[in-house]
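Only one structure is covered here, and it is reproduced in the block below.
What follows draws every value from the coordinates through simple rules; no lab data is involved. These numbers come from a predicted model, not from an experiment. All Cβ positions, glycine included, derive from the backbone under ideal geometry; neighbour counts span all protein chains shown.
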Amino acid sequence: MMDAARWEQIQALFHRALERPAADRPAFLDVESGGDGSLADEVAALLREDARSDSLLDRGVGDVANAVIGGRGGDPPANVGPYRIIRLLGEGGMGVVYLARRDDLDSLAAIKLLRDAWLSPARRERFASEQRTLAQLHHPAIAQLYDADTLADGTPWFVMEYVEGQSLTTFCRERHAALEERLRLFRAVCEAVQHAHLHAVIHRDLKPSNILVTGDGSIKLLDFGIAKQLESIDRPAEQTRTGVRLLTPAYASPEQLLAAPVGIQTDVYSLGVILYELLSGRLPYDLSACTPGEAVTTVLERTPERPSMAAAGSGTSGLPSIRKSAWADLDVLCLTAMHRDVERRYRSAEALIRDIDHYLAGEPLEARADTVGYRTRKFVRRHWKGVAAASITAIGVFGLVTFYTIRLARARNAAVVEAARTQRIQRFMINLFQGGDDVVAPSDSLRVVTLLDRGVQQARALDREPAVQAELAQTLGALYGKLGKLDRADSLLGAALVAQRAVSGPESPAVADNLVALGLLRIDQARFDDAERLVRQAAAIDRRALPANDPAVARADAALGRVLEERGNYAAAIPLLDGAVQAMTAHDSLSPDLATALTDLANTQFLAGHYPAADSIDHRVLMLDRLLYGDHHPLVATALTNLGDIQFNLGHYPESEPFYRQALGITQAWYGPDHHETASALTALGRALEFENHFPAAVALLQQSLAIQERVYGPVHPHVAAALNELGGVALQQNHDAEAEAYFKRMVDIYRQVYHGKHYLIGIAESNLASVYMAEERYADAEPLYRDALAIYATTLAPDHTNIGITRIKLGRTLLRERRFTQAERETLAGYQLLSKSMNPGVSFLQAARSDLAKTYDSLGMHDKATLFRAEHDRIAAADSTAAKH
């Protein structure tokens, strides 16, 4: 049996040999083994095994470049798809990386190539895994995947966002960045890592060289070459392979160095090391000359010097001097993030972000013992002027204040207990419909409605207890609203408001809570003016009556954000909802109110066209809802639908369908086949099937949805218009123009009645009606509708919103048909360039734009450009056809 010392000797020589080109390794082993033939043979065997199954990440750039460009495959191709190779950038996670330019879009990109002819299936799978990982991570601080394909000889390649910038530590050191700027940049890194974690992806190789700061000061996280899905971490193959070389030891967690199971806290450890280096100018451990065994021993047995001490002796960070009093919390931040014991580490990147925010706000850290002395010091430091003034007064009245403080504390505690009791009762009643016992779920709605009707009768008998009567009326009204009984809900909530004002006065928080409930009902009734008025009134009452950090204030802000979202005022809604989410998270990071506010924030980001932000938040919502309610709750279905919507709007129609099907299954099982929530789920799935050209199945679902929506909401409601929109789209694709026109005209009328002006949904309806006129060759009727839609979008949507790109492409086609080629080129190209930034290259809108641009440039005599777009159209069509056959 091999002893530990012999294994350490083999490992050390193995790692040093890997740094040499393959051709030089035999001679290197002869010299370094010192005549020990057995040692040389053992290392050579490890090198042969490595060459069969490990990643290109493990090899030097010189070796890789020589193998790919020189000895293995000759010169790189001049072009890869529509991209023109400019120069070699270096080694990536799984292959060689080139800088390339796409001339038609005048944009740069980074292309990774994997030489299929000589790389093992294991390497090909790791290369494909990196593509899959990047494809699902849409975040401003993560370098994006643009395209993927193979060369004629079978060489796989994929195209990534090209990022120019400096590594995080170099940027901060050379700029002598202040502490606040370093923490802001580091916080952005944590947010990107948290986004990956919410998609169940662990990076596993976080280090400054994988984190670039661009010219505008934004963060880009690179190289997911050895990232892993959480569900794949515990596979036996992963557990038995050595993982030490697939990471950078200086930033690797103890569990990685030990080849133990890893999780999201593995990345948290690496973040802690990066923060340590940002603050002190050096790494916590010097592992540069260590063997793998020595590295493990160092990390497990040595306690790192506090960053404050390391900074004092380093002088290499470029960080301006920090006050001694500020170092205590920074030491805690670093050392908690990189604690060798996983249980003592921050539980997530989000928890680390919260403590960064606490530090920047001068608040107590969650990672520090919550002692009275500690909180007192923090309070005094933040409010020293007020404390000094108050102290002078307090000396004279100490005894009197103490007496009344005790009495007030007792009264306050009694009130808190009573409020908690009331809240528990309300939450219990609502939770009958939000989670838990399947026996009381609303699929058997007749029994539930009967139960509620009895509750109303019993509440009416409580005339001698008006406070309880008001609370019950509010709770019962909210439940009727959840069942879609909007008129009944309106009556009860209105009565509750009158009763609550009589009981507690017009300025009480209880009245504000009732106003919020009534305002949210007005949203369901599409009475948005009333909704905004009621919720603003509630928010004003809460701010006058309650402390700024009271949860009721955050709930009112979240409700107002929801109203503004429904009205299309996303710029105002996002900061309101974001502030409410932060306040709720600080109060309770696992609450139904937080999940609701996050859902509304994600919806608003989605409607504003901020898809990466929406995707990140929706994954957090899905995780939170599953923790709160289990896997089969309708709120889980809502989160799944929202994730499907993001994929759909990015043109990933097949990827959206599984989200929609899961959501429909949960919703239908919970509410039954005739509920308005079931109708919304049917609409979503029908829309996906429509865009996948499964028309008969789509029509059946959409007709069923429309009938339900009309029964619940009446003939004029946004939900009805949404179903009409999808039915019109199917009719148009099947060349049933008259039928499509009728659907879209009714849709336009509904939105104009509901929104009274320039809402983006009116623009969508007008654009779709214009598409019917296009199909009927009524170009003079189509053009003004497209232009009006664009005018509406200009005041309601972000400049890079996909709806703007789609409508410009459609307007360009109208102008092309009218032979107004110069105007057609301007509109079509603008729409094409906008959509190319975010959509799958094979999306029908982009293919239509390529075809139209080819025709337009031919008509303008610009045949080179026409050829370029026609070739791109044909290449993508051929690739899609090949993929469909497989």
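Here the calculated FRET efficiency for HIS756 and SER491, from their Cβ-Cβ distance with R0 = 30 Å, stands at 0.70, rounded to the nearest 0.05.
Each label point was placed 7 Å from the Cα along the Cα-to-Cβ direction; for ARG48 and GLU294 their separation is 3.0 nm. Between the alpha-carbon centres of the range 582-645 and the range 268-288 there is a gap of 33 Å.
In this simple spin-label model, placing a label point 7 Å from the Cα along the Cα-to-Cβ direction at both ALA697 and ASP749 gives a separation of 3.3 nm.
Sum up the charges of everything whose Cβ sits under 15 Å from the Cβ of SER107, counting Lys and Arg as +1 and Asp and Glu as -1, but leave SER107 out. Numbers along the way, then the final one.
Values: positive: ARG84, ARG101, ARG102, LYS837; negative: ASP103, ASP104, ASP106, ASP147, GLU161, GLU164, ASP800, GLU872.
After counting each charged neighbour, the total is -4.
Among the listed pairs LYS745/LYS865; LYS220/LYS810; LYS220/LYS758; LYS207/LYS324; LYS207/LYS837, those with a Cα-Cα distance over 30 Å are LYS745/LYS865; LYS220/LYS810; LYS220/LYS758.
Using mean Cβ contacts within 10 Å as the protection proxy, how do 343-354, 172-183 order, highest first? Spell out each step's value before the answer.
Numbers: 343-354: 19.2, 172-183: 16.8.
The most tightly packed comes first, giving 343-354, 172-183.
Could you sort 663-671, 211-219, 542-550 so that the peptide with the highest average Cβ count within 10 Å comes first and the rest follow in order? Please list the in-between numbers first.
Working: 663-671: 20.8, 211-219: 16.7, 542-550: 14.3.
Descending packing order for the listed peptides: 663-671, 211-219, 542-550.
Based on the mean of other beta carbon atoms within 10 Å per residue, what is the order of 808-814, 656-662, 496-502, most packed first? Please list the in-between numbers first.
On the way: 808-814: 26.0, 656-662: 21.0, 496-502: 19.3.
Answer by packing, highest mean first, reads 808-814, 656-662, 496-502.
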